[in-house]
Amino acid sequence: MFDRLTQVPASPLAYLAVLGACALDAVLPVVPSETAGTVKLPWPRFAAADAAGAILWAVYAAGLGYLGGEAFQRRPLHALLFGLGAALLVALSVEAARRLRQRAIG
């Protein structure tokens, strides 16, 4: 089963998955390397995706910390609800893009 899966050539969506996994590198350090190995991503592209993911993660974490601290300093419940809403919005956007792409392919 796994041999068949690993023989699939890497698609642009696979590169996006590696970039997303690299953004989680600080939280789940094993995920980017396993994802890149599964899609047979060449190491120079993995290194570039890992660097881009690290930068995205740093900007995201610092930005959320700064903006969240300013906006929700005295309202932690609002901060929690905003964070959950933003995560849901991102998840729904990714799923919608995946379905649109799948529909366009056929």
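The values are calculated or read from the model by the stated rules, or taken from the named source; none is laboratory data. Just so it is clear, the model here is predicted, and its values are computed rather than measured. Neighbour counts are summed over all protein chains in view; Cβ atoms, including those assigned to glycine, are modelled from backbone coordinates with ideal geometry.
Points to keep in mind about this one:
- Residue match in region 56-67 (condition: at pLDDT below 80, closer than 23 Å to residue 97 by Cβ and hydroxyl-bearing (Ser, Thr, Tyr)): no
To keep it simple, each residue is scored yes or no on (1) among the β-branched types (Val, Ile, Thr); (2) more than 13 Å from the chain's Cα centre (by Cα); (3) part of a helix (DSSP H, G or I).
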position: 49; (1), (2), (3): no, no, yes
position: 52; (1), (2), (3): no, no, yes
position: 62; (1), (2), (3): no, yes, yes
position: 73; (1), (2), (3): no, yes, no
position: 77; (1), (2), (3): no, yes, yes
position: 84; (1), (2), (3): no, yes, yes
position: 87; (1), (2), (3): no, no, yes
position: 92; (1), (2), (3): no, yes, yes
position: 99; (1), (2), (3): no, yes, yes
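- A Cβ distance below 6 Å, combined with a sequence gap of six or more or placement on separate chains, defines the contacts here; from region 36-50, residues that are in contact (Cβ under 8 Å) with a residue 24 or more places away in the chain reach residues that are in a loop (DSSP other than H, G, I, E, B) in the pairs 39/10; 40/10; 41/10.
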